[in-house]
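> Next up is a structure, given as structure tokens.
The values are calculated or read from the model by the stated rules, or taken from the named source; none is laboratory data. No experiment lies behind these values; they were computed from the predicted model shown. We place every Cβ from the backbone using ideal geometry, glycine too, and count neighbours over all the protein chains shown. For accessibility, only protein heavy atoms count, side chains too; no ligands or nucleic acids. Shrake-Rupley method; radii C 1.70, N 1.55, O 1.52, S 1.80 Å.
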Amino acid sequence: QVVAVYGTLSDLLSVASNKLGIKATSVYNGKGGLIDDIALIRDDDVLFVCEGEPFIDPQTDGRPHEELTGSHTDWLTLNVGGRYFTTTRSTLVNKEPDSMLAHMFKDKDAWGNKQDHRGAFLIDRSPEYFEPILNYLRHGQLIVNDGINLLGVLEEARFFGIDSLIEHLEIAIKNSQPAEDHSPISRKEFVRFLLATPTKSELRCQGLNFSGADLSRLDLRYINFKMANLSRCNLAHANLCCANLERADLSGSVLDCANLQGVKMLCSNAEGASLKGCNFEDPSGLKANLEGKFFAWCVDMEGSQMTGINLRVATLKNAKLKNCNLRGATLAGTDLENCDLSGCDLQEANLRGSNVKGAIFEEMLTPLHMSQSVR
């Protein structure tokens, strides 16, 4: 029967089903090629439809072409996971001659007796992932229908050894990934996160972006902020007891009156930060550790309690440390150039090897005894 071809392949199958009184599921061209895209149909094409069985040329009375000619045809049918695909041997072999599919079908009897009752070659793989691979071998373009997982197609391409398709799929998967969201976390988002986390669970915020966030007066004890971006944050009056701020960016942030007992700030950047009136002193003996490349150029730590603090080899150049309690502090190798240390309690502090060039020590609460290695 003559029918108009329009819309999608599903529309054509629906029309054919109504016209012929069958449940049409597949469309073949006159040579037995499976039509999987309506764009492949040309004017005056003679098409064959079926309910799922392999293509049989009516002119051969149902006998295989091999029986009529004594030779094997280039056309063959695959049964992939219960779904039939009709293609040519050259399609499976020529484009990727070193692939598994090519080795399967280079010779007529490559699969031996691995055929179903209809003569289709059996392949125990996913048909929905195999279809894009077969189409790629046909026309060299990667076309994947909506709803098909590209990762599944990639695994099939790797299984069958379709090397040129693997690269296309990896690029397509990378391009389909949503762009990374580097926007700062707001106070509202973080508070919701805190409330949803059990108090005994370790909260890891390593590497997160809190830039400019208002985290003032929050209970942030024991949280891992290692390598986090806390620049320009408001952390005033926050409880950061035993928090890990190692390698964190605290530049320009405000930590006035924050509780920093037992805090770890190794190699963190506190340039231009304000730490006025902070408490680093832990009565239990756990000392705050700001050792290493702790960078605090122009930091304001006036009036902070830092008994026993470890600031070994830290950079505190031009810092304001006025009236700080640094009793028993480790300042060995610390750069204190041009620091204001007036009114500080430095009793029993270790200043061996520190740089105090231009530092102000007027009105110290206790006498300062420096070793000869103080610069």
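> What is the sum of charges around ALA273, taking Lys and Arg as +1, Asp and Glu as -1, for the other residues whose C-beta is under 14 Å from the C-beta of ALA273?
Charge balance near ALA273 sits at -1.
> Can you give me the C-alpha center-to-center distance between segment 2-37 and segment 146-160, rounded to a whole angstrom?
27
> Same structure, new question: Any idea what angle helix 150-160 forms with the longest principal axis of the chain, computed on alpha-carbon atoms, 0 to 90 degrees, nearest 10?
That helix lies at roughly 60 degrees to the long axis.
> Measure nothing fancy, just the Cα-based angle from helix 163-176's long axis to the longest principal axis of the chain, in degrees from 0 to 90, nearest 10.
Between helix and principal axis, roughly 50 degrees.
> What net charge is computed for the residues neighbouring VAL144, neighbours being all others with C-beta under 11 Å from the C-beta of VAL144, Lys and Arg scored +1, Asp and Glu -1?
That sum, taken over residues with Cβ under 11 Å, equals -3.
> Another one. Per residue, how large is the accessible surface of the chain? Use a 1.4 angstrom probe and give square angstrom.
In whole numbers, the chain has 54 Å² accessible per residue.
> Could I ask something else about it? Ordered by packing density, taken as the mean number of other Cβ atoms within 10 Å over each peptide's residues, highest first, how do 134-145, 339-350, 256-267 rank?
Ranking, from highest mean packing down: 256-267, 339-350, 134-145.
> Near LYS23, which lysines are there with a Cα under 25 Å away, not counting those fewer than 8 places off in the same chain?
LYS31
> List the lysines whose Cα sits under 29 Å from the Cα of LYS322, skipping any in the same chain fewer than 8 residues away.
Counting by Cα, and skipping residues close in sequence, LYS322 has these lysines nearby: LYS226, LYS264, LYS276, LYS287, LYS293, LYS357.
> I've got another one for you. Which order, highest average first, do 154-167, 217-230 follow once you tally other Cβ atoms within 10 Å for each residue and take the mean per peptide?
217-230, 154-167
> If you don't mind, another one. For the chain, what is the percent of antiparallel DSSP beta bridges, rounded to the nearest 5?
25
> Convert 25 °C to kelvin, take the viscosity as 0.890 mPa s, use the Kirkwood radius over C-alpha pairs of the chain as Rh, and evaluate the Stokes-Einstein diffusion coefficient in µm²/s, rounded to a whole number.
In µm²/s, the coefficient rounds to 91.
> Just add up the charged neighbours of MET301: K/R +1, D/E -1, any other residue whose Cβ is under 14 Å from the Cβ of MET301.
Here the count lands on -3.
> With both partners inside segment 75-176, how many of the DSSP beta bridges are antiparallel, as a percent to the nearest 5?
Just about 70 percent of them are antiparallel.
> Accessible surface of MET100 in the full protein assembly, 1.4 angstrom probe, to the nearest 10 Å²?
Near enough 70 Å² of accessible area.
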